[in-house]
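Nothing in this text is a laboratory measurement; each read-out follows from the coordinates by a stated rule. Just so it is clear, the structure is predicted and the values come from calculations on it, not from any experiment. Here the Cβ is made from the backbone with ideal geometry for all residues, glycine too, and neighbour counts use every protein chain on show.
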Amino acid sequence: MYDLIIIGAGPAGLSAAVYGRRAGLDLAVIEQTPMSGGQVLNTYEVDNYLGMPGISGFDLGMKFREHADKMNVSFLKERVTAVHDNGQSKTVETASGASYEAKSLILATGAEHALLQVPGEAQWKGRGVSYCATCDGAFFKGRDVAVVGGGDVAVEDAVYLARMCRKVYLIHRRDSLRAAKILQERLFACENVEVLWHCTVSKIYGGDLVEGVTLYHKQEDKEIDLAVEGVFIAVGMHPCTEAFAGVVSCDEKGYLIAGEDCVTNVPGVFAAGDIRTKSLRQIVTAVADGACAVTSVEKYLAGM
């Protein structure tokens, strides 16, 4: 039986692993993806992580994993399907049929991209429809593309794509962006970026590959066809909490209810990073959650 099992190997999970090993806990990290790091791996440039301005998201994710490796953290490559609270022990079930026991759990599976859920999105996924500009942007060099959204990720994607694409359309349903001001300044400085205000995507169309999108202009109450070869969707995230349904309390959006101490309604089960209720979801807050969660784990184990 482990002292602690951490589910998820993004910034929160890796931070928890480092702090947990420093605390002398017998722990393991369960991750289902081929590489540790979480969403940060798909970020072209991270300019707001203290002490590392301009580092690529991939490099930062690798540094996080290297730190955990130096602490001799044990990693298990599994997809978690369910967790069970047995009182003083917790059971983690996986898709392979294996199960693991621990005295405590830190849930740090993060969040994933939200879908537009419009006709053509699923059909052309991977054939012009993408959710990761840094992953797929190079395929559209010299072409016209659209980015859907108005937050930090959407604006960052548009700025990144503007470096290689002929034309970038940023499609936003409102008349102002939610992104940080510094990101907006970078966006508006790009001569080949055009913002289409008050527009939503009605459908995505094409042949073998994406050929365009149909937009609905709310103010003018009309549809517009826009010829693009790539559609990058950045309309938010939703938490990866399916495996914990019915065990840990969630809010109306599915985020696990936990405060800054990462304590959930289940004794011995803690939530860290983007998966929990919080006002700011950033790499730095996820890393902080990892440390806070382990502190709460230590207090819990000391009281058993």
Highest first, please rank the peptides 157-167, 52-62 by the mean number of other Cβ atoms sitting within 10 Å of their residues. 157-167, 52-62
Checking segment 196-249 for GluC sites (Glu not before Pro) in a loop per DSSP with at most 12 other beta-carbon atoms within 10 Å yields E220
Taking a cut-off of 19 Å between Cα atoms, list the aspartates and glutamates near K203, but don't count ones fewer than 8 places away on the same chain. E121, D144, E211, E220, D221, E223, D225, E229
Lysines within cross-link reach of K63: Cα-Cα under 29 Å, excluding same-chain residues under 8 positions apart? K77, K103, K181, K278, K299
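Between L301 and M52, what FRET efficiency follows from the Cβ-Cβ distance if R0 is 35 Å, with the result rounded to 0.05? Numbers along the way, then the final one.
Working: r = 33 Å, r/R0 = 0.93.
The calculated FRET efficiency here is 0.60.
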Degrees, to the nearest 10: 11-22 long Cα axis against longest axis of the chain: 20 degrees
To the nearest 20 debye, what is the magnitude of the charge dipole of the chain about its Cα centre, counting +1 on the Cβ of each Lys and Arg and -1 on the Cβ of each Asp and Glu? 260 debye
Ranked by how many other beta carbons lie within 10 Å on average, peptides 185-193, 41-49 from highest: 41-49, 185-193
Springs between alpha-carbon atoms under 10 Å, Gaussian network over the chain: tell me which of L170, L209, L105 tops the mean-square fluctuations. L209
For the chain the translational diffusion coefficient, Stokes-Einstein from a Kirkwood Rh over Cα pairs at 10 °C and viscosity 1.306 mPa s, in µm²/s, is roughly 78 µm²/s
Eligible aspartates and glutamates near K253 by straight Cα distance, threshold 19 Å, same-chain separation 8 or greater: E112, E242, D274
Measuring from the lowest to the highest alpha carbon on each principal axis, how far does segment 129-233 reach, largest first, in angstroms? 35, 33, 22
Helix 57-70 against the longest principal axis of the chain: what's the angle in degrees, Cα atoms only, rounded to the nearest 10? 10 degrees
Cα-based helix-to-principal-axis angle, 152-162 vs the chain, degrees rounded to 10: 50 degrees
State the percent of C-alpha pairs, over all pairs in segment 180-304, separated by a distance greater than 19 angstrom. 66 percent
Any idea how far the Cα center of segment 217-234 sits from the one of segment 175-208, in Å? 10 Å
